[in-house]
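The values are calculated or read from the model by the stated rules, or taken from the named source; none is laboratory data. Owing to the predicted nature of the structure, the values given are computational and were not obtained by experimental measurement. Cβ placement follows ideal geometry from the backbone for every residue including glycine, while neighbour counts extend to all protein chains displayed.
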Amino acid sequence: MRARTILPLLEMLAGVAVTACGSPATASAPPAPTQPTTRPGQRPVNVNMTDANQFQPVTLTVAAGTTVTWTNTGAVQHTVTDDPSKASKATDASVPAGAQPWDSGSVNGAQTFRHTFTTPGTYKYFCIPQESLGMVATITVTQF
């Protein structure tokens, strides 16, 4: 009975499986590590959407693979939109070649929206309801 309790602990500490007679069993190689979605040690990146109809910060530079979180810090409903087909002014939206347009939909007060940037380049995005008020911002995405 005691061996049944100690063997799993020994296996965990030694990193090998042990057979009933106490000898190491053949173990398969551990799985390969997965590719991280952000650089090691990278801090979370946040953008606030305010009742003053601003994205803060208005410009941002991040590495490819970074997830940006937008938080509506006020009560006014906003969107985070980078879809040139939805922009009133063509200059308010742009996505780099190979990137897909995106739209958060309505983001109410205290809600968030997240988007992971995988394609390097410059993204110019806007808030649909407040685009005419100048609620436009830019994110530059660099290689790792």
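Exactly one condition in (1) within 21 Å of V76 (Cα to Cα); (2) exposed (fewer than 14 other Cβ atoms within 10 Å of the Cβ); (3) among the polar types (S, T, N, Q) is not met by Q143; state its number.
So Q143 meets the others, but not (1).
Could you list, ordered by first residue, the pairs with Cβ atoms under 7 Å in which the first is in segment 39-65 and in the same structural domain as M135 (by TED's automatic domain parsing) and of a type in the set (D, E) and the second is at pLDDT 95 or above and surrounded by 13 or more Cβ atoms within 10 Å (Cβ to Cβ), at least 6 apart or interchain?
Once the first residue is in the same structural domain as M135 (by TED's automatic domain parsing) and of a type in the set (D, E) and sits in segment 39-65, its partners that are at pLDDT 95 or above and surrounded by 13 or more Cβ atoms within 10 Å (Cβ to Cβ) give D51/G74; D51/V76.
If you go through segment 42-93, how many residues are more than 18 Å from Q130 (Cβ to Cβ) and in a strand (DSSP E or B)?
Qualifying residue count for the region: 10.
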